[in-house]
Structure formats: structure tokens, C-alpha cells
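> Below is a structure I'd like to ask you about.
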Amino acid sequence: MDVFTAIAQRSSVRAYKATDVEEDKLKKVLEAARLAPSASNRQDWKFVVVRDKETKKKLARAAFGQSFIGEAPIVITACGTEAKTVMACGQPAYTVDVSIAFTHMILQAYELGLGTCWIGAFEEGEVKKVLNIPKEVRVVAMTPLGYPDQRPSQKSRSSLNQIVCYEKYE
Ligand SMILES: Cc1cc2nc3c(=O)[nH]c(=O)nc-3n(C[C@H](O)[C@H](O)[C@H](O)COP(=O)(O)O)c2cc1C
């Protein structure tokens, strides 16, 4: 599968089969994050992989009861380990870095036939308690990871004309 096919065909998965994820597939998904670019190559990230049923349920509760999170065989939580660095452009480095790595993961997972759903709606404090994440570390995103138990949904996106302009901002 080429990169564009993965980008064009992936969609968020909110129903998962109980089938476990093979270790080599999980490793490849994690490798995709490891190889991502980051500001000054800081690699200011950590990914917590959870297979434990009870912990997954607690994470789903911390995500305002989005129960499908707990039903996937794996939940991955993406953290920024160094939250103080602000880039010259004014953006915090860790949110950008972790988001790029997480996107790599999600696309790699798709190529392997695995589903994901970027989860941004969660109570950070609760997730930190569940996973024993230190105070200075920030939680950027979570995703369930597993074999999809739903049909891919239709993409709804703005047209290029609406989101692109040339030479000057219009
Ligand atoms: C930053 C971010 C936060 C998101 N948070 C949630 C979430 O908490 N729960 C959820 O079900 N989907 C969440 N999504 C998934 C979006 O709803 C989804 O990507 C969007 O509707 C486009 O659909 P698609 O992923 O199927 O292409 C999130 C996506 C992003 C990028």
C-alpha cells in the first residue's frame, strides 16, 4: 500500500474485534512513531501500551465514557515528556512532535489492517492517575488499536479550493 492510499482510505474505528494484535504488528506501529521527525530531533515523547482489561476500562472512563476504547485489545497513550520548549514560531514543540509521531502510527496501523481512533476528549489528570504518568509529562492523545469491526466510513472533507490559496493568504 502506498502512503496516499493509506491517507485516503483510513477512517476512525469505533468498534473492534476481540482478536488480539500480533506482537510484530504492534512493534511496527511503534517503530513508525519512533522514526517520526521532531523539532531539533528532540524525540520528546513516550508511548504507553496497555493490554490490561481493567486499565483499558479506566482509560475509557477517563475519556468521558467512550466505551469502545476499552473494547480494543490495545490502547496506546501518547505523552509529551518535555512540555517547556516553545519553538521560535510560538508553538509548543511537544504537541507538534507527538502529533506527528501519532499520525505515523495511525497510518502504519492502517497499512497493517489495524484500526485506530485519535482520542482527544479525555481528562488528562485521570489518565495520568491511571497510568502513573509524572506531573511534568503531558498527555497529548490516546488511541485504541485493534482489528476493525465496522465498515470504513465515508470521508467528509472541505475541497482544496476552500483550504488552499496561492502566493498570499486569502
Ligand atoms: C485531535 C483529535 C481529537 C479527536 N478526538 C476524538 C475523540 O475523543 N473521540 C472520537 O471518537 N473521535 C475523536 N477524533 C476523531 C475525529 O472525530 C475524526 O478523525 C474526524 O471526524 C474525521 O473522521 P475520520 O477519522 O474517520 O476520517 C479526534 C480526532 C482528532 C484529530
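> Tell me, how many Å apart are the Cα centres for the stretch 116-132 and for the stretch 40-90?
Centre-to-centre distance over Cα atoms comes out at 6 Å.
> For the stretch 49-90, what is the accessible area per residue in Å², given a 1.4 Å probe and the full set of protein chains?
Value for the stretch 49-90: 50 Å² per residue.
> Now for a different question. Along Cα→Cβ, 7 Å out, is where each label goes; now give me the distance between the ones at residue 34 and residue 82 in nm to one decimal.
Reported label-point gap for residue 34 and residue 82 is 2.0 nm.
> Over 10 Å intervals from 0, what percent of Cα-Cα pairs in the chain sits in each interval?
10, 35, 36, 16, 3, 0
> Starting from the Kirkwood Rh over alpha-carbon pairs, what translational D in µm² s⁻¹ does the stretch 68-150 have by Stokes-Einstein at 10 °C and 1.306 mPa s?
Here the translational diffusion coefficient equals 116 µm²/s.
> Okay, next question. Quick one: pull the percent of accessible area on the chain belonging to carbon and sulfur, 1.4 Å probe, ligands and nucleic acids left out.
On the way: 5270 of 10190 Å².
C and S atoms contribute 52 percent here.
> What does the helix-only formula give at 222 nm for the chain: each DSSP H stretch with n ≥ 4 adding -39500 (n - 2.57), the total divided by the residues, and the result rounded to the nearest 500 deg cm²/dmol? Before the final figure, lay out the partial values.
On the way: 7 runs with 64 residues, N = 170.
Taken over the chain, the calculation gives -10500 deg cm²/dmol.
> Right, next: In whole percent, what relative contact order does the chain give with Cα contacts below 8 Å and a gap of six or more residues?
Numbers: 295 pairs, mean separation 57.7, N = 170.
Reported as a whole number, the value is 34 percent.
> Using a 7 Å offset from the Cα along the Cα-to-Cβ direction at both residue 159 and residue 27, what is the distance between the two label points in nm, to one decimal?
4.8 nm
> I would also like to ask the following. For residue 115, which sequence-distant residues (separation of 5 or more, or a different chain) have an amide H within less than 5 Å of its own amide H, given hydrogens modelled in the peptide plane?
Amide H neighbours of residue 115, under 5 Å, 5+ apart: 146, 147.
> I would also like to ask the following. Using the Karplus curve 6.51 cos²θ - 1.76 cosθ + 1.60 with θ = phi - 60°, what ³J(HN,Hα) values do you get for each residue of the stretch 16-22, in whole Hz, with x for Gly and Pro?
These are the phi-based 3J(HN,Hα) values: 10, 6, 6, 3, 6, 8, 4 Hz.
> Still on this structure, please answer the following. Could you give me the ³J(HN,Hα) list for the stretch 62-70, computed from phi with Karplus coefficients 6.51, -1.76, 1.60 and θ = phi - 60°, whole Hz, x at Gly and Pro?
Each residue's phi maps through the Karplus curve to give 5, 9, 6, x, 6, 5, 4, 4, x Hz.
> Go through the stretch 31-39 residue by residue and turn each phi into a ³J(HN,Hα) via Karplus (6.51, -1.76, 1.60, θ = phi - 60°); whole Hz please, and just put x for glycine and proline.
Rounded to whole hertz, the list is 4, 4, 6, 4, 8, 5, x, 8, 4.
The values are calculated or read from the model by the stated rules, or taken from the named source; none is laboratory data. Every value quoted in this text rests on a predicted model; they were computed, and no experiment measured them. Heads up, the Cβs are rebuilt from the backbone with ideal geometry, glycines too, and the neighbour counts pull from every protein chain shown. With ligands, DNA and RNA removed, areas are computed over all heavy atoms of the protein, side chains included. Shrake-Rupley method; radii C 1.70, N 1.55, O 1.52, S 1.80 Å.
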